[in-house]
Every structure is written in C-alpha cells, then in structure tokens.
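Please treat every number below as a calculation from the coordinates, not as lab data. Keep in mind it's a predicted model, so treat the numbers as computed, not measured. In this analysis, Cβ positions are derived from the backbone assuming ideal geometry, glycine residues included, and neighbour counts consider all displayed protein chains.
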Amino acid sequence: MFRLLLQKILCSVLILCCGVGAALAKQSSYEPTAENLKAREWFQDAKFGVFIHWGVSSSMAGGGRPGASEWIMEYQKIPIDKYERMASYFNPTEFDAEEWVKAFKSAGAKYVTFTAKHHDGFAMFDSKATDYDIVDRTQFKRDIVKELKEACDKYGLKLFFYYSQLDWHHPDYYPRGETGNAYTGRPEAGDWDKYIDFQNAQLKELLTNYGEVGGVWFDGWWDHKDTDYSNKWRLNETYELIHKLQPQALVINNHHAKTPFPGEDVQPFEQDLPGQNHSGFNTQDVSQNLPLEMAQTMNGAWGFNLIDDGFKSTKELIQTLVRAAGSNSNYLMNTGPMPNGLLQPENIQTYKEMGEWMNIYGDSIYGTRGGPISPRSWGVTTIKKNKLYVHVLDWKDELLFVPTGELQVQNARLLRDGRKIKFEQTIKGTTISIPKGELSEWDTVIVFDLVTN
Ligand code: JFZ
C-alpha cells in the first residue's frame, strides 16, 4: 500500500519535473528565423523611429494635469461608461496620415510605432474582436492603422504596433492588476483566458489585415508583475503566433524585467539610455545579443498634454539620439498628436531641425553600431566598416584623448566638411586636436579611417 503510494508520488514528481523541464526547454529554445535576424539587422541600421501615442484619451489633453494624457482614465478615476462616451466625440477631422509620415521622414526617422491599443482598451483599428474601436464607435469611422500603414508604405517607413496587454476596459481582464481597479465599473469576475484569446485575436488582425509590419511593441505586462498572474500571459503562444504570421516581425516587450523573455527580438528601455536609470524603473541588465531601443518623450508626456511646454531642445534630442547610437541602441522619439488629428506644431519645427542635422551627419548614425569605446561623459563612438565616428558632445579643450587602444587610425577628419584633423597615436590611444572654433554646439563628429587587416 505504502509502496504504491510512494510509487504514485514519485511518478507524479517525475511527470511534474518533465512537464516543467519541457516547458523550460520550450521556453529557452526560441530560435529566430533567418527573416527575423535580417529584420533585426535592418532595425539596428535604421537607428531612429517615431513613437506615436494617440487615442480617444488625447481629447482630454491631460485635463490640465502635468504628465497626464493616455493615463487620464486611471489618474482621474473615470468609469468605463463615462469614458466610452469620449469615443462618440473623438472626431479627428484634420488627420492626414501622409502629413504625419512626411513630417517623421523629414526628421530622419525610418520607422513608426503607433498605439494600436493602449491601456484604455480602445482599438485604433477596425477590430472584429470587439466593437470598442475607431470604426465602430466614432463618427470618424476611418481605420487609422490602415491609413498610417498606407502612408508608411508610400514613404518607405516601417510600421510597428504598440499593444497594451493590460486592459482597463475588457471585462475578462480579470483578476485586475495594479491599475484599472474598482472605479472602472467592471464586474468582479471574468475569464482571464478569454481575455488572452481576445488579445491574440486582435494581434492576428493586426498581423494579417495590414500587410507586412515591423513588429509589435508590448506594454502592460508589469500590471501583474507582483501577482499570481505574472506568468499567465501565455507569452509563448502570443509570440509564436506573431512569428508564425510574420517571421520578420520583431517582438518587443516593455516589461522592464531583468532580462528579455524567450521569443523577444529587441530589448526596450524607457526614458533612459541602456544601462542608465534616472527614471528609477530601468533596472534591466543590458542584453548583449538583442538589438536595443530607447523610447523617450519630447516633453513630459507620451500622449498630448495641453499645458506641457517642457519640450526638450533639438540639441538635447539629437544628443540623446547620438548617445543612444553610441550605446548600440535605437532611439524611439515620442509624439502625442492633438485630438483634431494634427501634430503639435512645436514637434513639427523640431523634426525639421533634426532632419537638417541628420542630412549632414546621418552617415555617422544610420547603419552604425556602438563603437568599441564605451560611452564617455565627453561623448560616444559609433562604427561602420572601417570608419570610427567620434562624437564629441561635451568638450571645451583643444586636445581630446580617445582610447582607441589597438585600433590603427590612418586619417582623421571632420565629417561636416572633410577637413583634416591633427592627431597623434600612441599604444594607448589617439589624441586629436580640434582647432578652436571647430567645436560644434551639438556634436563635433570626427571620422577616423581605420587600418583594416
Ligand atoms: C508605459 C505606459 O504606461 C505609458 O503610458 C507609455 O505608453 C510608455 C511608453 O510605457 O509606461 C511605463 C511602463 C512600465 C513602467 C513604467 C512606465 N515600469 O515598469 O515602471
């Protein structure tokens, strides 16, 4: 009797172990396809994208509250039945996808990441999985995602979808996590798996109805970070679905976990350069093998905020883009269009200025990787084939020591006009002499032609 029991227990332990083992093996066995690896290369070469936070929440413009916009429902505790009414008067008659994409392109961006669904659960595309979407619930009735995709195709930019796993609207997003609680008026019951099925159905729509896309940028996983549901998202299934439908689509998840999960193709960072943590929530280890991407707001809000004038200067944005590139990372610069469908005029001016810089200095950004010298306070390096770009961002003296180590520098010149720069090389590195008056205010880019073996 006892033996039988023991056998049974042993057997179940074995089965359990095998099960867990198999699950783990399955998890760690993600092998990106050739198309996916190629897309990662493209992504790293592209370096610069524009993030768009836009939805029915934009019509509240932050409600006079600093930092608020796409979080207004949560911040002001607006119940679902009231919030839903916003859709009925969200009517962005001035929206012109081509005008947006042209403006992003003029800044030098190569891709666009758009909030297909944010935490409020409202779909900015024509979804059949719900009628809580732009076509079914607004007078506007136009599929924003479709128009954006067509404009992106026309001007040669790739389109990525931001998709919030967390959902403050769907009744089956239950148990609720840290946000979107009682005030929403959702029932005190729900079927979690039905919610995940719904999410996957929407993702299937996004990946089948709009042609080839860049990828999916997930967010909201952290809502259940500290609950029993932290591992109930069925991530493997979702990621497999995406990779099966579009092998080149890159999976990105803003979960802020220590390391990326299997099935993810890019590691994102928010408001901080990889490895930095001014925001307090960037405690991840920087991945050594995945492409990196840093997202940042142009002022203090993601979505449109009427009172926020804290726009970062073009100099600051360019310097951050450069520092990102020097940290081997992409830069995803965010904009929050207005509820009438127009971009904020301040942003349009900035795009123009960034584009002018990119036209001159783009060679030192596009197609590069982080240089062999880790970021310094004076600046960063980027590298492409036998060219090492030295970006001097903050330096006042004439002489600058660049620790090039073993690298052999053949020639040094200003990227701006090709003028030669004097340099002296020792076994430890290269000292360059930047004549007074030649230091640019934003970034003095010096090209080192390296001797290749
Ligand atoms: C998230 C969103 O909540 C926000 O609205 C915006 O879309 C941004 C790009 O992403 O913001 C986060 C996500 C995670 C943390 C903090 C802010 N976190 O883990 O601390």
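Rounded if a/c is under 1.5, else prolate if a/b beats b/c, else oblate: with a ≥ b ≥ c from the C-alpha gyration tensor eigenvalues square-rooted, which is the chain?
Oblate.
Are there trypsin sites (Lys or Arg not before Pro) in the range 190-280 that DSSP marks as loop and that have at most 16 other Cβ atoms within 10 Å, and which are they?
Listed in order of number, the matching sites are K225, K232, R234, K258.
What order, most packed first, do the peptides 394-404, 87-97 have when packing is the mean number of other Cβ atoms within 10 Å of each residue?
87-97, 394-404
Applying a 10 Å radius around every beta-carbon, put 108-118, 314-324, 133-143 in order of their mean neighbour count, most first.
Going by the mean number of other Cβ atoms within 10 Å, highest first, we get 108-118, 314-324, 133-143.
So which chymotrypsin sites (Phe, Trp or Tyr not before Pro) in the range 225-324 end up in coil per DSSP with only 15 or fewer other C-beta atoms within 10 Å?
Those satisfying the criteria are F281.
At what distance in nm do the modelled label points of S279 and K385 sit from each other, each positioned 7 Å from its Cα along Cα→Cβ?
Label-label distance for S279 and K385, simple model: 3.6 nm.
From Cα pairs below 8 angstrom and at least 6 apart in sequence, can you work out the relative contact order of the chain, rounded to a whole percent?
Contact order relative to length: 17 percent.
Between rounded, prolate and oblate, where does the range 222-303 land on the alpha carbon gyration tensor, with a ≥ b ≥ c its root eigenvalues, rounded for a/c under 1.5, else prolate if a/b exceeds b/c?
prolate
Name the shape class, rounded, prolate or oblate, that the alpha-carbon gyration tensor gives for the range 371-450, where a ≥ b ≥ c are the square roots of its eigenvalues, rounded holds for a/c under 1.5, and otherwise prolate holds if a/b is larger than b/c and oblate otherwise.
Cα axes put the range 371-450 in the rounded bin.
Enter the Cα centre distance for the pair the range 359-410 and the range 116-148, rounded to the nearest angstrom.
Cα centroid of the range 359-410 versus Cα centroid of the range 116-148: 44 Å apart.
Once every DSSP H run of n ≥ 4 in the chain is given -39500 (n - 2.57) and the sum is divided by its residues, what mean residue ellipticity at 222 nm do you get, rounded to the nearest 500 deg cm²/dmol? Please list the in-between numbers first.
Details: 11 runs with 138 residues, N = 453.
Roughly -9500 deg cm²/dmol at 222 nm, from the helical runs in the chain.
Would you mind checking K47/K312; K82/K258; K102/K420; K117/K225; K117/K149 for any pair whose Cα atoms are more than 27 angstrom apart?
Listed pairs above 27 Å: K82/K258; K102/K420.
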